[in-house]
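Undergrad: Below is one structure. I have some questions about it.
The values are calculated or read from the model by the stated rules, or taken from the named source; none is laboratory data. None of these values were measured; they are calculated from a predicted model. Methodologically, a virtual Cβ is constructed for each residue, glycine included, from the backbone with ideal geometry; neighbour enumeration extends over all protein chains shown.
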Amino acid sequence: MTSPNLIEPATITIRANGHGEIAFGAMQAGLDLAYSTSMVSFTWAGCDEMDEVSGDGHAELLDSGSIEITFAYHNGDEAILKAKRETSSIAC
């Protein structure tokens, strides 16, 4: 599996409509989501260095406010990623 920051910082987008996206390394994929109180489970499909890939995983909200993402390729590698919400400040 490639480094999460090979091309740009790893990102995950979780939307309320049951869909989202994830990108890390050379991999980009769409997510189909299922929700519970503190966890989001997902299946995903996309491309990694122009090869079709798929898998599943889940993202859990931690007490610190960050999320821990367990991400697995179908019949392949598994990774655990930790993420925090991106914040921005705009000077006035």
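Undergrad: Check segment 31-44 and report whether any residue there is surrounded by fewer than 13 Cβ atoms within 10 Å (Cβ to Cβ) and at positive phi.
TA: No, there is no match, as no residue in segment 31-44 is surrounded by fewer than 13 Cβ atoms within 10 Å (Cβ to Cβ) and at positive phi.
Undergrad: Under 6 Å between Cβ atoms, at least 6 apart or on separate chains: pull out the pairs that start in segment 57-79 with a residue that is surrounded by 16 or more Cβ atoms within 10 Å (Cβ to Cβ) and end on any residue that is assigned to a strand (DSSP E or B) and among the hydroxyl-bearing types (S, T, Y).
TA: Note: pairs meeting the criteria are G57/T70; H58/S41; H58/T70.
Undergrad: Restricting attention to segment 34-47, and to residues there that are at pLDDT below 90 and either among the acidic types (D, E) or within 14 Å of the chain's Cα centre (by Cα) (or both), which single residue is farthest from I12 (Cα to Cα)?
TA: Checked segment 34-47; the qualifying residue farthest from I12 (Cα to Cα) is M39.
Undergrad: Here are some residues: L62, L81, L31. Which one is under 10 Å from the mean Cα position of the chain (by Cα) and at pLDDT below 90?
TA: On the way: L62 fails: under 10 Å from the mean Cα position of the chain (by Cα); L31 fails: at pLDDT below 90.
Sole residue among the options that is under 10 Å from the mean Cα position of the chain (by Cα) and at pLDDT below 90: L81.
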